[in-house]
Structures are given as structure tokens and as C-alpha cells.
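Notes follow the structure.
The values are calculated or read from the model by the stated rules, or taken from the named source; none is laboratory data. Everything numeric in this text was worked out from a predicted model, so none of it was measured. Here the Cβ is made from the backbone with ideal geometry for all residues, glycine too, and neighbour counts use every protein chain on show.
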Amino acid sequence: MKKALLYLKNLIFIFIVIALFSYIICMKFYPDKIKELTGFQTYVILTDSMEPTIPVGSLVVDRSFDEEDQLNENTIISFKVNRLGDDVIFTHYFKKKEVDESGKERYYTQAENADRYDDYKTYREDILGTYVLHIPYAGKVVQFLQSPFALLELGIILIILLIHHLLWNKFDKEEKAQMELQMSDNANYSVQDEPVPVIDQTNEMPREELSAKTAEADANTDKVEKEACVEAEEEVQEEPYIAEDVLFGYRTTPSSGAFENGGAGFTLSVSVHGIVRLDVHKKKKTARR
């Protein structure tokens with residue numbers, strides 16, 4: 001926003017300089033053409049004859065005066081005067097008109113602070129225009145611009161503006177590049193300073209995973225125990241001894257009554273038929289829960 005306002009300010013200044021330069025050229029070489037095209041013309045007040053209404057150094061804007069126009073008394077007009085052989089322009093009040101000794105209409109004019117009419121003889125063809133408005137102190141600027149140094153000064157101003165524009169563009173580009181570099185460095189620092197997520201490298205498992213592992217282990221244990229029970233049930237039971245057939249018997253584990261399959265160890269027996277039998281007993285598998 002600041003840059004746009006500065007650019008607009010420079011643009012307005014350049015426009016004013018070009019407009020004044022064009023005005024000076026046109027008024028210097030083509031005053032009549034400007035008067036015909038616009039219907040207005042400007043004059044500079046050089047004396048205090050119209051103060052305080054029109055201060056010294058003011059720029060007066062007049063409407064062109066045509067032959068069919070009528071003047072009212074106390075109208076401010078600008079007119080030509082032959083003063084010591086030179087044509088000068090005065091801006092005074094119009095007071096009255098009369099036919100002089102030559103038979104022509106003479107227009108009598110008077111300054112603001114004067115107590116009598118002007119001594120200059122003014123006729124209709126000498127009247128240049130009627131007062132519209134004035135711009136205080138602008139006449140001094142116009143006077144300077146109409147001087148021989150004006151073109152030189154304007155040229156210097158234009159050169160300064162051109163150099164300023166070129167240098168401004170150069171500095172602007174350098175500043176923009178520096179800002180982009182700084183933004184890039186800041187972005188790199190931000191990436192480097194970003195905290196790296198720490199990976200948990202401990203052997204501890206999450207609570208949910210640990211619960212799942214425990215349940216799976218329990219299930220495997222139950223499965224093994226069930227298989228053990230099935231094997232114990234499927235184990236072939238040893239045939240029991242028939243007590244009536246045994247004539248003599250011996251077991252490594254004390255027992256009372258008939259010999260049954262039940263203990264661990266061996267059994268030596270002699271049947272009534274003279275058959276000797278040695279059996280080695282295995283311990284029965286029992287399932288634990």
C-alpha cells in the first residue's frame with residue numbers, strides 16, 4: 001500500500017511538471033491558438049494596484065471578450081496599454097465608456113486604490129477578457145517557468161526523476177531478493193528446529209498388545225493341557241492280574257490284597273500253571289489343571 005501511494009505521488013508530480021511544461025511552450029509560441037481553443041487566458045499581476053482583491057503575484061484567469069459582449073460597470077477586465085512604447089497588460093475595474101473627440105468609444109478604467117481614472121486611453125479592441133478567478137502567488141511560478149532558465153530547470157527535474165525511478169527499481173529488486181533469501185533461511189531453520197518424534201525403543205509393549213499376548217499364551221496352555229488329558233485317556237490300560245491265577249508274586253512297592261496295575265515299579269509272579277511273568281509298570285499320566 002505504501003509503495004502504491006508513493007508511485008501515485010510520483011505520477012501526479014510528473015503529470016503536473018509535464019502540464020506546466022506544455023503550458024509554457026503553448027503560451028510562449030501559440031498564445032492565440034490556446035485562447036481560441038479554450039476561450040480562456042491567464043495573466044500575472046505584477047503590481048499592487050488591485051490589492052487586497054487581487055494580491056501581487058497572483059495568476060488571473062480571464063474569459064475571452066468578444067465584440068458582441070456587453071460590459072457592466074465595476075467589472076474587472078484585462079486590457080492592453082501602450083506604456084512608453086511597450087505593450088503591457090493591466091487588470092483594473094471598468095467604470096464607464098464615452099465617445100471621445102475622435103468619435104470612438106473610450107473605456108475608462110480605474111485601479112482599486114486609485115482616486116481617479118487611468119490616464120491610458122482604452123478602446124474596445126484593447127480589451128482582452130473579463131475576470132473569472134485568480135490563484136494567489138501562482139503567477140510567480142508562471143513567471144519563473146517563462147524565464148530562460150525554466151527549460152533548463154525542467155530538464156534537470158526530469159533527469160532527477162528518471163534517475164530516482166531507476167534507482168528505486170534497483171533498490172526495490174535488491175530488497176525483494178534479500179527478503180526472499182531471508183524467508184528461505186527462516187524456512188530452513190524451522191525445518192531443522194522441528195522436533196524429531198522419539199521412537200520408543202524399549203521392550204515394553206503397549207497395554208493392549210500385552211493383554212492380547214497374555215490371552216494367547218493362556219489359550220496355548222489350555223490347549224496343551226487338553227491334549228495331555230486326551231493322551232492320558234487314550235493310553236492303553238494294562239491288563240489287571242487275576243488273583244486266583246497267581247501262585248507267587250512280588251512287587252517293588254508294598255501292596256495289600258490282590259495285585260493290581262497301579263503302582264510304579266515291576267511285578268514278578270508265578271502262576272499256578274508254572275508260568276513266570278515279569279511286568280514293568282509305568283506311572284500313569286495325570287492331567288494337571
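Would you call F79 under 11 Å from I127 (Cβ atoms) and touching a helix residue (DSSP H, G or I) at 6+ places or on another chain (Cβ under 9 Å)? Considered against the rule, which asks whether it is under 11 Å from I127 (Cβ atoms) and touching a helix residue (DSSP H, G or I) at 6+ places or on another chain (Cβ under 9 Å), F79 comes out as yes. Exactly one residue among S58, S22 is free of Cβ contacts under 8 Å to residues at least 40 places away in the same chain and hydroxyl-bearing (S, T, Y), and that residue is S22.
Checking each residue of region 31-54 against the condition of being farther than 19 Å from L145 by Cα and in contact with a helix residue (DSSP H, G or I) (Cβ under 6 Å, 6 or more places away or on another chain) gives no match.
Restricting region 51-102 to residues that are surrounded by 11 or more Cβ atoms within 10 Å (Cβ to Cβ) and polar (S, T, N, Q), the residue that is nearest to the chain's Cα centre (by Cα) is S58. On inspection, Y23 does not qualify as crowded, with 17+ Cβ neighbours inside 10 Å and closer than 17 Å to Q146 by Cβ.
For region 113-160, filtered to residues that are among the polar types (S, T, N, Q) and surrounded by fewer than 17 Cβ atoms within 10 Å (Cβ to Cβ), the residue that is modelled with the highest pLDDT is N113. If you go through region 115-159 and keep only what is within 26 Å of I14 (Cα to Cα), polar (S, T, N, Q) and out of contact with any Leu (no Cβ under 9 Å at 6 or more places or on another chain), you end up with Q146, S147. Of the strands (runs of 3 or more DSSP E) lying entirely inside region 29-100, those containing at least 2 residues that are more than 20 Å from A114 (Cβ to Cβ) and touching a strand residue (DSSP E or B) at 6+ places or on another chain (Cβ under 9 Å) are 40-44, 59-64, 86-99.
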